[in-house]
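> Okay, here's the structure, questions in a sec.
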Amino acid sequence: AAVLGLESSCDETAAAVLRADGTILAEAVLSQEQEHSPYGGVVPEIAARAHLEHLPRLVAQVMAKAGLGYGDLAGVAATSGPGLIGGLIVGATLGKGIALAHGLPFVAVNHLEAHALTATLPGIVEGAVRFPYLLLLLSGGHCQCVAVEGVGRYRRLGTTLDDAVGEAFDKAAKLLGLPWPGGPALERLARQGDPAKVPLPRPLLGRPGCDFSWSGLKTAVAHAVARGAATEQARADIAAGFQAAVAAVLADRAAHALAMVPEATAMVVAGGVAANGAVRAALSGAAAKRGLPLVAPPVRLCTDNAVMVAWAGIERLRLGPTDELGHAPRPRWPLEGMAA
Ligand code: ATP
Ligand code: MG
Ligand code: FE
């Protein structure tokens, strides 16, 4: 038996087919970077239209690649929140249509749960990850520390008071004149910079708990750019200083979060920011101090994808029969509401 997964909550259109044991039979992701980059960020209406245009073709493509007909499926899972409502409606409606037409169970997947469970997909990280673990969800739309105690059992330990960390990367990159999405470009620029040249604030460092705040750091980057960013070297120094500040704060917050989950077996990262080398190094240092591994799925499974959606669907179907055709997509859908 296999499950079809659909993802359309933000700016990635994705479909995947997984066998119930987690084997990936087919996967496809289309990034909408080119559609949104002239606007410097995701435009919801453009995103929804792009999902509508591309998702049906991606579904046909992964089904053909998997060599399956719809009748062979054990279920259809589609991201049904949180996210941009237009895109959610496109993916959830297509998923429900396929499920209804072929008499299959439909699973309304919470996007955050899908990120949270990715590390438990068999064979994608070295050694099995066991519950409970600490999840750091570091993406363009989310920035939170979550204790993952089991499927459907999540405890949010801390979150951002303002921007998500990927958003902070994107805003800092924009101030430095880099194209959107800025994270990868900023990391490249930072390689030629001296992180000690332009000292920048490290918001909430050392404070109790594991909340985040990035707006003060972003403002400091704006001031640093205003003081002098005429040369490539000056911009690289600011980029390096910014990245070092983010990495130091993340390591500090992650250490606090680990102390709140003494039973944790690992620190797991998800979200596009997990691709950042400096961030990974800082987090793995914080984990090592408690004798724990940092577990990072491959980047293609850290950013938005449908493999994780199909996997969350498989886990949900394992818990019992589901019939969620009546589920309305939710722009906001916190993980705590996910009790299995
Ligand atoms: P959501 O938050 O709903 O999961 P998203 O599309 O905003 O969706 P992702 O696709 O997981 O999030 O990640 C994109 C973010 O990750 C962007 O903000 C991008 O700048 C950031 N990012 C990607 N690569 C890097 C990198 N190497 N360094 C820093 N940030 C990065
Ligand atoms: Mg994205
Ligand atoms: Fe995501």
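> Report the extension gain between GLU149 and ASP72 in nm, rounded to one decimal, defined as 0.36 nm multiplied by the number of residues separating them, less their alpha carbon distance.
24.5 nm
> Classify segment 155-207 from the C-alpha gyration tensor, please: rounded if a/c falls under 1.5, else prolate or oblate depending on whether a/b exceeds b/c. All intermediate terms of the calculation are to be shown ahead of the outcome.
Values: a/c = 2.47, a/b = 1.42, b/c = 1.74.
Because a/c hits 1.5 or more and a/b fails to exceed b/c, segment 155-207 counts as oblate.
> Determine the calculated [θ] at 222 nm for the chain from helices alone, applying -39500 (n - 2.57) to every DSSP H run no shorter than 4 residues and normalising by the residue count; nearest 500 deg cm²/dmol.
Result for the chain: -13500 deg cm²/dmol, rounded to the nearest 500.
> Something else: Going by how many other Cβ atoms sit within 10 Å of their own, how do LYS96, LYS197 line up, fewest first?
The fewest-first ordering by Cβ neighbours comes to LYS197, LYS96.
> A further question follows. Which order results if LEU94, LEU18 are arranged by neighbouring Cβ count within 10 Å, fewest first? Can you show the working numbers first?
Working: LEU94 20, LEU18 27.
Exposure proxy ranking, most exposed first: LEU94, LEU18.
> Where Lys and Arg each count +1 and Asp and Glu each count -1, what net charge lies around GLY158 among other residues with Cβ under 12 Å from its Cβ?
+2
> Something else about it: Which entries of LYS218/LYS289; LYS65/LYS96; LYS171/LYS218 have Cα-Cα distances beyond 19 Å here? Walk me through the numbers on the way to the answer.
Details: LYS218/LYS289 29 Å; LYS65/LYS96 21 Å; LYS171/LYS218 7 Å.
Among LYS218/LYS289; LYS65/LYS96; LYS171/LYS218, the Cα-Cα distance tops 19 Å for LYS218/LYS289; LYS65/LYS96.
> Apply the a/c threshold of 1.5 to the C-alpha gyration tensor of segment 68-170 and tell me whether it is rounded, prolate or oblate.
Note, shape of segment 68-170 comes out oblate.
> A follow-up question, please. Which residue fluctuates the most in the chain, going by a Gaussian network model with Cα springs under 10 Å, if the choices are ARG300, ARG202, ARG316?
Of ARG300, ARG202, ARG316, the most mobile in the Gaussian network model is ARG300.
> Let me ask another. Between PHE131 and THR265, what is 0.36 nm times their sequence separation minus the Cα-Cα distance? Round to one decimal in nm.
Values: separation 134, 0.36 × 134 = 48.24 nm, distance 0.70 nm.
So the chain would gain 47.5 nm between PHE131 and THR265.
> Further question: So, counting K/R as plus one and D/E as minus one, what does the shell of residues with Cβ under 10 Å around ALA306 add up to? Spell out each step's value before the answer.
Numbers: positive: none; negative: GLU7, GLU12, GLU27, ASP304.
Net charge around ALA306: -4.
> For an R0 of 30 angstrom, estimate the FRET efficiency from the Cβ-Cβ distance between GLN192 and ILE46 and round to the nearest 0.05.
Numbers: r = 34 Å, r/R0 = 1.12.
Between GLN192 and ILE46 the formula returns 0.35.
> Further, regarding this structure: Can you give me the span-like helices of the chain, meaning DSSP H runs with 30 Å or more of Cα extent along the axis and Kyte-Doolittle mean at or above -0.5?
Helices meeting the criterion: 44-66, 232-260.
> Jot down the radius of gyration and Dmax of segment 187-233, Cα atoms only, both in angstrom.
Spelled out, the Cα radius of gyration and Dmax of segment 187-233 are 12.9, 39 Å.
> If I stretch the segment between ARG318 and GLU35 completely, what's the gain in nm (0.36 nm per residue apart, minus their alpha carbon distance), one decimal? Mind showing how you got there, number by number?
Working: separation 283, 0.36 × 283 = 101.88 nm, distance 3.77 nm.
Extending this stretch completely gives an extra 98.1 nm.
> By the gyration tensor of its Cα atoms, with a ≥ b ≥ c the square roots of the eigenvalues, what is the shape of segment 126-249: rounded for a/c under 1.5, prolate for a/b over b/c, or oblate?
prolate
> Ranked by Cβ crowding within 10 angstrom, fewest neighbours first, how are VAL299, VAL43 ordered? Intermediate values should be presented prior to the final figure.
Working: VAL299 12, VAL43 17.
Least to most surrounded, the residues fall as VAL299, VAL43.
> Cα to Cα, under 17 Å, and not fewer than 8 places away if on the same chain: which aspartates and glutamates meet these conditions relative to LYS197?
GLU187, GLU232, ASP237
> If you project the alpha carbons of the chain onto the principal axes, what extent comes out on each, in Å, largest first?
Projected onto its principal axes, the Cα set of the chain covers 63, 46, 30 Å.
> What does the charge count around LEU58 come to, taking other residues whose C-beta lies under 14 Å from its C-beta (Lys +1, Arg +1, Asp -1, Glu -1)?
Values: positive: ARG57, LYS65; negative: GLU7, GLU12, GLU27, GLU53, ASP304.
Charge balance in the 14 Å sphere: -3.
A short reminder: the numbers here are calculations on the coordinates, not readings from a lab. These figures come from a predicted structure and were not determined experimentally. Positions of Cβ are backbone-derived with ideal geometry, glycine not excepted, and every protein chain shown enters the neighbour counts.
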